[in-house]
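The values are calculated or read from the model by the stated rules, or taken from the named source; none is laboratory data. Bear in mind the structure is a predicted one, so any value in this text is a computation, not a measurement. Quick reminder, even Gly has a Cβ in these numbers, built from the backbone with ideal geometry, and neighbours come from all protein chains shown. Remember, those area values only see protein heavy atoms, side chains included, never the ligands or the DNA or RNA. Shrake-Rupley method; radii C 1.70, N 1.55, O 1.52, S 1.80 Å.
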Amino acid sequence: MPTLIMRRGPRAGAVYELNHDVVNIGRGSKNDIIIDDNDVSREHCRLLRVVDHYQLEDLKSTNGTFVNGQRVTQSRDLHSGELIELGEMITLEYQQEAAEQKVAPIPSHDPTKVVPINPSDDYALVVEVGPNPRRIYTLASENVTLGRDLSNDIVIQDPEVSRWHLQLLRGPDGYALKDLGSTNGTVLNGMRLIDSRPLKVFDTIELGTAVRLHYIYDTDDARRRLLNEDDAASEAGSDGAQAKRDTKEVLQLRFSSKRKTSRLGTGLIRGSLVDHIFVAYAREDWETVVAPMTIALQDAGMEIWVDQYLVQGGEDWKAAVEQALHECWLMILLISPEALESRYVRLAYRYFINREKPVIPLQYKPSESMPTELTSIESLPFDIANARHSYQRLIHAILEKRPS
């Protein structure tokens with residue numbers, strides 16, 4: 001029997017059996033599945049049985065219905081393992097057969113604190129390129145989701161990572177990898193992932209062009225090697241021939257601090273950035289505020305240009321910045337002492353001001369001595385305690401400046 005499992009929401013872990021031809025979901029008391037949350041409309045969405053599976057349709061809900069991060073605008077078939085979001089706060093997993101309900105309720109998110117399935121045969125993902133290089137994520141559940149939404153088991157905050165990007169399903173011989181309809185795709189060993197594929201130790205997984213991971217055995221010895229902690233001691237302390245082989249191969253991983261060029265960087269056709277927004281910022285502020293801000297703007301349907309994945313001062317960077325300065329129609333200037341001290345940032349916002357192109361300063365870390373050319377431009381405050389509200393105000397300010 002098909003089921004829905006609440007992964008995030010007021011009854012996390014609850015299992016709803018789907019035994020009617022029509023199943024209505026919403027906040028109202030007349031629904032078959034009642035979810036008491038303000039993000040859920042009174043009549044939010046509906047499941048319709050089609051032979052042996054269900055189709056999903058949105059009922060003109062206020063906050064929308066999403067499947068694997070994609071908004072539902074018309075009736076669509078559901079497949080086992082797909083993730084349904086109601087607004088931003090509710091996540092349900094669709095399972096075609098009750099036998100597939102082997103997934104424990106999602107706990108409060110802490111990717112470093114997990115319970116192993118089998119201590120003698122654990123696996124992990126290691127970040128080679130992306131936020132937090134060398135971060136090790138133990139894979140300890142039968143079903144692991146990865147994306148930039150905070151309810152994922154593994155959260156990677158990067159604009160090229162979809163809200164729900166991929167899924168790892170545990171089998172007798174390890175994990176299989178499945179893309180969840182991500183915008184920028186999942187690449188396994190250089191080949192774009194089309195369907196579910198079993199993973200082999202030391203496989204390489206790429207998310208878009210900005211994040212690269214490795215699939216490894218998760219042993220204490222491998223962790224010490226990867227973190228450069230007490231190499232000699234770890235070699236001496238390997239338990240068994242397999243662990244020694246694991247460690248030897250893990251040592252072959254070469255961690256690079258240089259990101260690959262983003263799809264937002266070079267190689268763009270002339271005129272392709274005319275609808276984009278130029279974001280000027282200090283790279284020290286990327287992970288704390290710029291990356292989540294970029295994600296919020298992209299989720300609102302806006303095209304963003306950043307230079308994060310280019311080496312500042314290089315030829316690729318110069319060509320990309322020149323095109324972006326010329327073609328982007330608006331600039332968001334993230335104000336912080338580091339940004340205002342950056343020569344590159346100063347050159348960028350002066351270019352926009354001198355050509356009377358709109359600039360929106362966002363006061364992340366207000367400076368006591370603002371440059372003269374910025375004092376006459378209305379700026380927006382940034383509330384660290386309520387970043388979401390700040391992004392909403394920024395989106396509204398951008399829409400007001402958009403040419404009619």
Just by accessible area at a 1.4 angstrom probe, what is the order of Y217, Y364, Y175 from largest to smallest? Y217, Y364, Y175
On the full set of protein chains, 1.4 Å probe, figure out the accessible area of T145 and give it in Å² to the nearest 10. 10
If one puts a single equal scatterer on every Cα of the range 120-227 and applies the Debye formula without solvent, what log₁₀ I(q)/I(0) results at q = 0.24 Å⁻¹? -1.53
Students sometimes get this wrong: rank D122, D32 by accessible area, probe 1.4 Å, all chains present, largest first. D32, D122
With a Förster radius of 60 Å, plug the Cβ-Cβ distance of K318 and R11 into 1/(1 + (r/R0)^6) and report the FRET value to the nearest 0.05. 0.65
Suppose we take every Cα in the range 318-404 and form the convex hull; what volume per residue is that in Å³? 108
Theoretical gain in end-to-end length, K401 to M1 [0.36 nm per residue, Cα-Cα removed]: 138.8 nm
